[in-house]
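Values in this text are rule-based calculations from the coordinates and carry no lab data. Note that the coordinates shown come from a computational prediction; the quantities given were computed from them, not determined experimentally. In this analysis, Cβ positions are derived from the backbone assuming ideal geometry, glycine residues included, and neighbour counts consider all displayed protein chains.
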Amino acid sequence: MAALWLTFVKRRASESRSFLLLHGLRLSVACIGRIALLARRFVVAVALGCLLATAAAANTGRGAGDSPVATDARLEAQGDTVRLTLTLSRPVTATATVMAGPDRVIVDLPSINFQIEPKQGRKSAGFVSGFRYGLFMADRARIILDLGQPAVVASVSVKPQRGGFGELTVELKRTSREEFAALAREEAAKTQLPSIPVERKAEGDSRRIVVIDPGHGGIDPGTQVAAIAEKAVVLAFGLKLKEQLEAQGRYRVIMTRSDDTFISLGDRVRIARGVEASLFISIHADSLAQAQDVRGATIYTGSERASDAEAARLAAKENQADAVAGLDSSEDVHDVAGILMDLARRETRSFSTIFARNLVERLGGSVKMHKVPLRSAGFRVLTAPDVPSVLIELGYMSSPKDAELLNSEGWRNQAASAVQQAIDQYFERLQAPGKAAQSKP
Ligand SMILES: [Zn+2]
């Protein structure tokens, strides 16, 4: 395991683009250009604008130029067997495991450039209700097959084809609930995702550290409305906010992700704690299929008890991110306990609330807010005991008006600059004489 971890760290460091992910230095214009180019080449929805193109091409991810390309995926059922066949530009190595709650089969692959119609994954066959695919980490991709009934992996094979192509076949066989549960327990004990190496606070740098956390990424698209994925909307906003904050020179900004990579909820919290951030801002966008007229931004803080049913629904949905990517969602992000930590946590909560109020005030003066703009619930990503943390739902992708704004450069600039003013105001108030909280953060 240690050797594996070392290889992982080395690979990570050697890959300059994933280095950028941690250090959050810049999203190169070249990258946006490349995504746009890919979109033009492979996607028909170019007319819908850059963001749409980013969302549609998001699955191509990094390294698309040199990774094997998957051009076709087919699901076929025959008796008690379901077979997934993937056509690849060259053979790769693959492994497959089962995971319970929800029941699924996870196929791990090296980085793959998926050029598969997403609608192919929405078709069911036998006991498989559909599949998803995407980048899981910098150099790994995943296919997740959702199971309607318990099944085991009967075989995984990759056969070279004529012309240098490869064909991956994963064969699943129906099994009993008991056998499935036993196998899933066994696999869960074996497969622990290595946490990403966390950057530490730099010596001698007195700037405040703000961590921006664009939600979802990689294999987890977040909310999806038509061709637009939440992961692309929130990344575009996060990068804009970073640009505006850095232009001031007062802050050091760290992104939990700067590209289309999956980061677990626990790792997002660990990144913020590792750099001893003064603020952690998680960026999301919501959707309500049954209420297209619901609009506006909402600011959330973490709390054990949700402020209302709507906040509880949203936290449950956002907390699913790890499970969507095939991670054991029981992984605990509360890794600290004790009376001192409880005190710190309580203090951190009050700072989070102060900042959340600033956000409502500033953002509300600039863009449309939800009619109840300040709420709280048990978001796993807001559990750092020592970093004031908030989650911004920028708006509702299910509202045609909000969706249009979320995709517009003008709205993004306006909203990002309101968030930046709220950040300035928060730190200015903390520093003001007579504030008990001077020493913090
Ligand atoms: Zn989200």
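For Val225, what residues show an amide H to amide H distance below 5 Å, using hydrogens built from the backbone and excluding near sequence neighbours?
Residues meeting the criterion, in which the H sits 1.01 Å from N, are Glu230.
Amide H neighbours of Arg207 under 5 Å, counting only residues 5+ apart in sequence or on other chains, H built in-plane at 1.01 Å?
Answer set, sorted by chain and number: none.
Each residue of the stretch 142-159 in turn: what ³J(HN,Hα) in whole Hz from Karplus with 6.51, -1.76, 1.60 and θ = phi - 60°, glycine and Pro shown as x?
9, 10, 10, 9, 7, 9, x, 9, x, 8, 10, 7, 7, 7, 10, 9, 10, 10
Under 5 Å between amide hydrogens, which residues at least 5 positions from Ser287 or on another chain qualify, with H placed 1.01 Å from N in the peptide plane?
Amide H to amide H, under 5 Å and 5 or more residues apart or across chains, Ser287 pairs with Met397.
Report relative contact order for the stretch 208-431 in percent, whole number only (criteria: Cα-Cα under 8 Å, sequence separation at least 6). Walk me through the intermediate numbers first.
Numbers: 429 pairs, mean separation 67.7, N = 224.
Dividing the mean separation by the residue count of the stretch 208-431 yields 30 percent.
Quick check: net charge around Arg375, other residues with Cβ under 13 Å of its Cβ, Lys/Arg +1 and Asp/Glu -1?
Working: positive: Arg305, Arg313, Arg357, Lys371; negative: Asp286, Asp308, Glu310, Glu318, Glu393.
Net charge in that neighbourhood comes out at -1.
Say the cut-off is 29 Å between C-alpha atoms; which of Lys317/Lys401; Lys119/Lys371; Lys173/Lys231; Lys240/Lys371 go over it? Mind showing how you got there, number by number?
Numbers: Lys317/Lys401 23 Å; Lys119/Lys371 35 Å; Lys173/Lys231 33 Å; Lys240/Lys371 26 Å.
Flagged as over cut-off: Lys119/Lys371; Lys173/Lys231.
For Ser350 and Lys159, FRET efficiency with R0 = 56 Å and r from the beta-carbon atoms, rounded to 0.05?
On the way: r = 60 Å, r/R0 = 1.08.
Taking R0 as 56 Å, the efficiency between Lys159 and Ser350 is 0.40.
Applying a 10 Å radius around every beta-carbon, put 299-305, 237-243 in order of their mean neighbour count, most first.
Values: 299-305: 19.6, 237-243: 22.0.
The densest-packed peptide leads the list: 237-243, 299-305.
Net charge near Ser155: determine it from the other residues with C-beta under 11 Å of the C-beta of Ser155, scoring Lys and Arg +1 and Asp and Glu -1. It would help to have the intermediate numbers written out before the result.
Values: positive: Arg83, Lys173; negative: Glu171.
That works out to +1.
What net charge do the residues around Ala418 carry, taking every other residue with its C-beta under 13 Å from that of Ala418, with Lys and Arg at +1 and Asp and Glu at -1? If you can, show how the numbers build up before the last one.
Values: positive: Lys240, Arg362, Lys368, Arg412; negative: Glu361, Asp424.
Once all neighbours under 13 Å are counted, the net charge is +2.
If the chain between Gln290 and Thr85 were fully stretched, how many nm would it gain, using 0.36 nm times the residue separation less the Cα-Cα distance? Spell out each step's value before the answer.
On the way: separation 205, 0.36 × 205 = 73.80 nm, distance 3.57 nm.
Length gained, Gln290 through Thr85: 70.2 nm.
At 0.36 nm per residue, and after removing the present C-alpha to C-alpha distance, how many nm does the segment from Arg207 to Thr95 gain when stretched out fully?
On the way: separation 112, 0.36 × 112 = 40.32 nm, distance 4.48 nm.
Taking 0.36 nm per residue and subtracting the Cα distance, the gain is 35.8 nm.
Cα centroids of the stretch 73-138 and the stretch 217-249: how far apart, whole angstrom?
About 26 Å separates the Cα centre of the stretch 73-138 from the one of the stretch 217-249.
Along the stretch 360-376, what does the Karplus equation 6.51 cos²θ - 1.76 cosθ + 1.60 (θ = phi - 60°) give for ³J(HN,Hα), rounded to whole Hz, x for Gly and Pro?
Rounded to whole hertz, the list is 4, 5, 6, 5, x, x, 10, 9, 5, 9, 5, 5, 10, x, 10, 9, 9.
Across the stretch 293-304, in residue order, what do the Karplus-derived ³J(HN,Hα) couplings come to in whole Hz, using 6.51 cos²θ - 1.76 cosθ + 1.60 with θ = phi - 60° and x for Gly and Pro?
Values, residue by residue: 8, 6, 9, x, 8, 9, 10, 10, 10, x, 7, 5 Hz.
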